[in-house]
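Reading through the structure tokens given below for one structure.
Read the figures in this text as sums done on the coordinates, not as results from a lab. For clarity, every value in this text was computed on a predicted model and none was experimentally measured. Virtual Cβ from ideal backbone geometry, glycine too; neighbours counted across all protein chains shown.
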């Protein structure tokens with residue numbers, strides 16, 4: 001099940017899906033271009049699939065018993081939060097950059113948890129436990145032979161021969 005999960009994650013998720021995993025709107029515009037990269041690497045634990053947007057990423061290492069997912073925020077400036085200004089907690093709420101200090105640690109943890117949940121839910125929908133061989137086997141089976149009845153030439157399929 002591990003390899004099909006990595007393969008389906010690699011082949012199925014497009015850039016809009018990856019943007020949504022990391023909390024972006026998923027709308028593609030020429031004004032706010034984002035480079036989305038996907039890679040698969042062999043690790044000691046198994047194959048790891050990693051989706052990167054800028055310096056931030058979400059990755060998953062599927063294992064036979066569970067899947068380990070993690071969101072890495074290396075550049076907090078790329079993430080916007082709906083929050084008041086830094087020095088004025090009662091000030092007007094607006095979209096502001098994620099701060100690099102301890103003030104936004106709860107928000108950073110919440111963003112990571114939500115990103116992991118979105119990614120694992122999307123992988124769970126894709127999870128196919130059968131191998132490709134098991135999926136294709138019914139398609140390769142020969143049909144059951146029908147019971148043969150003797151027919152006279154030109155008589156059609158309605159009259160059996162009297163022998």
- prompt: Got a sec? How would 71, 86 order by Cβ neighbour count within 10 Å, fewest to most?
  reply: 86, 71
- request: Rank the residues 8, 69 as a footprinting-exposure proxy: fewest other Cβ atoms within 10 Å of their Cβ go first.
  value: 8, 69
- request: At 7 Å along the Cα-to-beta-carbon direction for both residue 90 and residue 45, put a label point, then send me their distance in nm to one decimal.
  value: 4.6
query: Exposure proxy check: 73, 49 ranked by fewest other beta carbons within 10 Å?
result: 73, 49
Column: log10 I(q)/I(0), Debye, Cα scatterers of the range 70-145, q = 0.12, 0.21 Å⁻¹: -0.54, -0.97
statement: Extension length gain for residue 20 and residue 109 (0.36 nm per residue less Cα distance), in nm, is 30.3 nm
- prompt: Which whole-number value in Å³ per residue fits the convex hull of the alpha carbons of the range 32-107?
  reply: 116
